Structure formats: C-alpha cells, structure tokens
C-alpha cells in the first residue's frame, strides 16, 4: 500500500471516530478538507435569551479579528442560549482549503450577537461588530479540537 493510500485510510478511520462531518470531508474531499471541533464557553452573560454563535477557522493569523477580505477555511453559526454557553457549546466545522494554502499561526475565532442565525447557512462572510463578545485561540496546524472562551468585547 503506498503512503498516500495509507494516509487517506488513516484519515478516514480518524474521521469516523470523530464526527460525521469529518467522515464526509475525508471520504469526498480528501486532503483538501478536514474537520475542527470546538467547545465554546462564556461566563458572565447578563442577559438570558437567544444568541447567534458564529465560529470561524483561519489557516493564518489576520490579527485578533480578521478583516472583511480575509476568508475563513471553516465556519458555522447556530442559535444558543446564555445557559448553554455557560455549560459549553460543542460545534464541528468543515474546513476546506486549497492544498497549497499556508498554515502559519492558524486560529479559531468565535463570537455571539443578539438574535437568531441569519439565512447565510455557514456564516462564512460574517464578521464580529463593535460590542460583540468574542474569543480567539491559536492552534497547532494539525490539531482538530480547541476550547474557546468568549471573554473579550470588541471595541469600536
């Protein structure tokens, strides 16, 4: 068995042990795709209610909050409550990247805003706005799970 087949079959087995998104990515897109699991927590939220949680991953650092022209390799949005955030919300992101994409200082950015998710399914074009509570974490290029604490507020 050549090394490419071995790497692919290893990736499929690892994906099967993780999430269904990782399994689909590994079997259909091969090395161009991967999955990232994130646990997002927020303490000290004063208002109960529904929030839009957005989580995005990037192959390289664009500062703490990426600019509008930066494109995430993975993103997801969902509705969450303050109680869920206090207990930790688990999400899985499908990451799709060009095979030649650099992977320097990869990071994961998450934030919440009041209200429900919008019609843009994966929130790839969303960016945090002033006043949003957010968190960011750098991760090793091959790490597939991170923990993010929403403990910062974006200033104007």
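The values are calculated or read from the model by the stated rules, or taken from the named source; none is laboratory data. These figures come from a predicted structure and were not determined experimentally. Here Cβ is always computed from backbone atoms with ideal geometry, including for glycine, and neighbour counts include all displayed protein chains.
If you go through the stretch 15-45, how many residues are at pLDDT 75 or above and surrounded by fewer than 22 Cβ atoms within 10 Å (Cβ to Cβ)?
Qualifying residue count, the stretch 15-45: 6.
Give me the residue from the stretch 135-156 that is assigned to a strand (DSSP E or B) and at pLDDT below 90 and, out of that set, surrounded by the most Cβ atoms within 10 Å (Cβ to Cβ). Show your work before the answer.
Our first condition is that a residue be assigned to a strand (DSSP E or B); within the stretch 135-156, this holds for 135-138, 145-149, 152-153.
Filter once more, keeping what is at pLDDT below 90: 138, 145.
Values: 138: 11, 145: 13.
This residue is 145.
Looking at this structure, is residue 75 within 19 Å of residue 39 (Cα to Cα), touching a helix residue (DSSP H, G or I) at 6+ places or on another chain (Cβ under 7 Å) and modelled with pLDDT of 85 or more? First the steps, then the outcome.
Details: within 19 Å of residue 39 (Cα to Cα): yes; touching a helix residue (DSSP H, G or I) at 6+ places or on another chain (Cβ under 7 Å): no; modelled with pLDDT of 85 or more: yes.
No, not satisfied.
Report every pair of residues separated by at least 6 positions or lying on different chains whose Cβ atoms are under 6 Å apart, first residue within the stretch 70-93 and touching a residue at least 60 places away in the same chain (Cβ under 8 Å), second part of a strand (DSSP E or B).
92/35; 92/37; 93/36; 93/57; 93/74; 93/76
Return yes when residue 104 is at negative phi, part of a loop (DSSP other than H, G, I, E, B), modelled with pLDDT under 95 and surrounded by 14 or more Cβ atoms within 10 Å (Cβ to Cβ) and no when it is not.
On the way: at negative phi: yes; part of a loop (DSSP other than H, G, I, E, B): yes; modelled with pLDDT under 95: yes; surrounded by 14 or more Cβ atoms within 10 Å (Cβ to Cβ): no.
It is false that residue 104 is at negative phi, part of a loop (DSSP other than H, G, I, E, B), modelled with pLDDT under 95 and surrounded by 14 or more Cβ atoms within 10 Å (Cβ to Cβ).
Among the residues of the stretch 109-134 satisfying the criterion of being surrounded by 12 or more Cβ atoms within 10 Å (Cβ to Cβ) and closer than 20 Å to residue 48 by Cβ, which is modelled with the lowest pLDDT?
It comes out as 117.
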